[in-house]
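Trainee: Pasting a structure here, questions to come.
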Amino acid sequence: MKFLWDLAQKNLSRSRARTIVSVFAIAIAVISVVFLRGLINGVLDTTFANHIHYKAGHIRVIDQEYKLKEELIPLNYTVNGFNGEGFKGIAEELKQIEGVKQILPRLRFAALVPHDEKLIGMQGWGVDPEGEIGFTGIDKYITEGRMVQSEKRELVMGADLMEKLGKQVGDKVTFLYNTVFDSFRASTFLLVGKVESNLDFLDKAVFFLPLEQAQTILEMDGEVTELLIITPNYNQADKILPQITELFKIKDPFQKYALQLWNRDYELIELFNFANVFYDFIYIFILILSCFVLINTLIMIVNERKREIGMMSALGLNSNEILSLFALEGVIIGTLGSAIGVVIGGVLTKVFSTAGLDFSAAMEGVSADLLFEPMFYTVFSMENLIFAFLLGVTVVTLACMIPAGMAARLDPVGALR
Amino acid sequence: MTLLELKQIKKTYLQGKMEVPALRGVDLIVDKGEFITIFGPSGSGKTTLLNMIGCLDTPTDGEIYLNGNRISALSKKELALIRRNNIGFIFQSHNLIPVLTAYENVEFALLLIGRLSEGETRERVFKMLAKVGLKGKENRKPGELSGGENQRVAIARALIKEPKLILADEPTANLDSENALDVIKIMTMMNMELGNTFIFSTHDPQIREYARRYINLRDGLIFSDKKKEQ
Ligand SMILES: Nc1ncnc2c1ncn2[C@@H]1O[C@H](COP(=O)(O)OP(=O)(O)OP(=O)(O)O)[C@@H](O)[C@H]1O
Ligand SMILES: [Mg+2]
């Protein structure tokens, strides 16, 4: 085989221009795959992260009814313990389970702020400030002021919302809401921080206040709308789900509560997972397109070397060896192209993993209620480079079988004539 | 000793729906060490016959024995193996692999068999190239050698694996008469020295004279088969 390998290499220099064109066709395809996949992974990573941070946690505990009516953020279907003793009862039990890192309570409610003779709608999130900082790193997005402190009558608000209301850090904000008993109330809190997160939803529609304060004003002592269970690694959250399910089977026999895994029980994530399969086909398609150049080149080569193939056949090369000879020539081109593509693609994904691509113009008006960011960052990963390289080499190798097979099937007598 | 035996070899080509008989029943016995020419008008079946003997093509009918083995019914893969180990070919043109040097072209035939060590291979190839008069030109590629020199490389390559049988289809047709004579003389010398059996076809009466047996083909049949009087 070694002499075939040597010969295939030497044959590549016979038509250098054609070889180079073919190599670059493959390289461009592989660059596209690396970059596109890096970008999609980037979008998925940030989208998943946002989904986990601001919606799902790793596993979420909610009331069964709340699950159905979540859009309306009702206050009647809360997490308040296995026997009405308050959410802390459940939190304590959950913390006993190995692999549970943190329990994050949230009490979300609808609120209104009058401004310019209009009422501006928004969501109040009663949160555990320390827990939020630990999990979402919300403090990094507070560009002015600070995060609220437990128990105090303080709130932080999205930057866009503040602008809309004409408020500054240090101002007082009065908001209207319904308590759990449906009485209409107003409360005034001190605005201590401004959130600028790039997430439209947070910036335009949310304010955070300490959980205890939210519970007090809503008359919901010990209740939250959801409990987020955080594990050390979101990709392995499903591993501890059975234990948690077991706990709930015993403690919650009437199934008041629902458990939701971050990547299983949400339509958005299912959509992304489905899209991923679709993207894999796109990558293969891109590579197949570039293979047409290579196949065309190799067919030309086979035709030009017909007599040579006949001669080699007379020398005693069998059809497998002739197939290998031409396939090797294609595979070398494919491997070179894939290698070049991976290097350039790697550099590009690296650059755009910090520089980012600004899609805000394209996303105008689309993303208001989705957890999307308008800045997309590619993900540089070895896995992506290896994936693109192997996919490139595999598709090219398969494609080369067409012209190589043509060479192998040539009748030596006809080829020599 | 018999090297090759052909029994009623027939070959019919299909041209569209027309059957073209190229060989119509050839009987032939070739002994080891013979130096044979096949001649005859264009289209008489010379190339077809050499291809049959060389295991490049299979007969429509009849049987071929090489070294006592029946080869007319072997698979393509088995035929390739026989060519590789037992038969050397020299063609009219396009004999060599253009990206390989003279040395590498000759070496290629040995690498295919893959029995010799690197050192032995080297020594043998250099010796053979010297024998055909190409000393000092081992590292030239076919494009940097004359037509006559290229044919010598082809002879060296055909002989390097010491095959029992060497087949040459019009090996001198593309050469001027001086080079043609050189090539046939080298073939004669190799035949004398190494004892391989040569069968070559030619249109050139002057070249034909070097053979010791003359087979005249006409219309796919052996018209005459004469040996040179000693
Ligand atoms: N592939 C083929 N298809 C159809 N007919 C063929 C084919 N190959 C050879 N023939 C026919 O078979 C006959 C013998 O051809 P062959 O090439 O053996 O002749 P030749 O003696 O070598 O001629 P030349 O001296 O011109 O080389 C010719 O009539 C030729 O047309
Ligand atoms: Mg002929």
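The values are calculated or read from the model by the stated rules, or taken from the named source; none is laboratory data. These numbers were taken from a predicted model, which means no experiment stands behind them. Ideal geometry is used to build each Cβ from the backbone, glycine not excepted, and the neighbour counts take in all protein chains shown.
Trainee: Quickly run through the stretch B:83-112 and pick out the residues that are facing another protein chain (nearest Cβ under 8 Å) and in a helix (DSSP H, G or I).
Mentor: Residues satisfying the conditions are B:R83, B:R84, B:N85, B:F108, B:A109, B:L111, B:L112.
Trainee: Evaluate the following for A:G356: is it without any contact (Cβ under 8 Å) to a residue 12 or more places away in the chain and on the phi > 0 side of the Ramachandran plot?
Mentor: Taking the combined requirement at face value, the residue does not satisfy it.
Trainee: Can you give me the number of residues within the stretch B:200-219 that are away from chain A (no Cβ under 14 Å), touching a helix residue (DSSP H, G or I) at 6+ places or on another chain (Cβ under 8 Å) and within 16 Å of ligand 1 (Cβ to nearest atom)?
Mentor: 6
Trainee: What residue, of B:V20, B:V26, is within 15 Å of ligand 1 (Cβ to nearest atom), closer than 28 Å to B:F223 by Cα and surrounded by fewer than 18 Cβ atoms within 10 Å (Cβ to Cβ)?
Mentor: B:V20 is the lone residue from the list that is within 15 Å of ligand 1 (Cβ to nearest atom), closer than 28 Å to B:F223 by Cα and surrounded by fewer than 18 Cβ atoms within 10 Å (Cβ to Cβ).
Trainee: Also, quick follow-up: Are there any helices (runs of 4 or more DSSP H) wholly within the stretch A:167-256 with 1 or more residues that are buried (at least 18 other Cβ atoms within 10 Å of the Cβ) and touching a Lys or Arg at 6+ places or on another chain (Cβ under 7 Å), and if so which?
Mentor: Of the helices (runs of 4 or more DSSP H) lying wholly inside the stretch A:167-256, those with at least 1 residues that are buried (at least 18 other Cβ atoms within 10 Å of the Cβ) and touching a Lys or Arg at 6+ places or on another chain (Cβ under 7 Å) span A:211-218.
Trainee: Criterion first (in contact with a Ser or Thr (Cβ under 7 Å, 6 or more places away or on another chain) and within 14 Å of chain B (Cβ to nearest Cβ)) does A:L7 satisfy it?
Mentor: So A:L7 fails the test.
Trainee: May I ask you to list the residues in the stretch B:67-82 that are buried (at least 16 other Cβ atoms within 10 Å of the Cβ), away from chain A (no Cβ under 14 Å) and of a type outside the set (S, T, Y)?
Mentor: Passing the criteria: none in range.
Trainee: Can you name the residue in the stretch A:109-129 that is modelled with pLDDT under 95 and among the charged types (D, E, K, R) and is also nearest to the chain's Cα centre (by Cα) among such residues?
Mentor: By that ranking, first place goes to A:K118.
Trainee: Next question, about the same structure. Against the definition (surrounded by fewer than 16 Cβ atoms within 10 Å (Cβ to Cβ) and among the charged types (D, E, K, R)), how does B:E123 come out, yes or no?
Mentor: Yes, satisfied.
Trainee: So B:P41 ticks every box in (1) within 13 Å of ligand 1 (Cβ to nearest atom); (2) within 22 Å of B:L159 (Cβ to Cβ) but one. Which box is left unticked?
Mentor: (2)
Trainee: Here's another thing I want to ask about it. Need the failing condition index for B:F223 against (1) of a type in the set (F, W, Y); (2) within 16 Å of ligand 1 (Cβ to nearest atom); (3) in contact with a Lys or Arg (Cβ under 9 Å, 6 or more places away or on another chain), just the number.
Mentor: (3)
Trainee: For the stretch B:22-40, which residues satisfy the criterion of being assigned to a strand (DSSP E or B) and away from ligand 2 (no atom under 16 Å from the Cβ)?
Mentor: Those that are assigned to a strand (DSSP E or B) and away from ligand 2 (no atom under 16 Å from the Cβ): B:R24, B:G25, B:D27, B:L28, B:I29, B:V30, B:D31, B:F35.
Trainee: Are there any pairs, at least 6 apart or on different chains, whose C-beta atoms fall under 9 Å, with the first in the stretch A:392-417 and closer than 13 Å to A:G310 by Cβ and the second among the aromatic types (F, W, Y) and more than 16 Å from ligand 2 (Cβ to nearest atom), and if so, which?
Mentor: So the pair list comes out as A:A407/A:F326; A:A408/A:F326.
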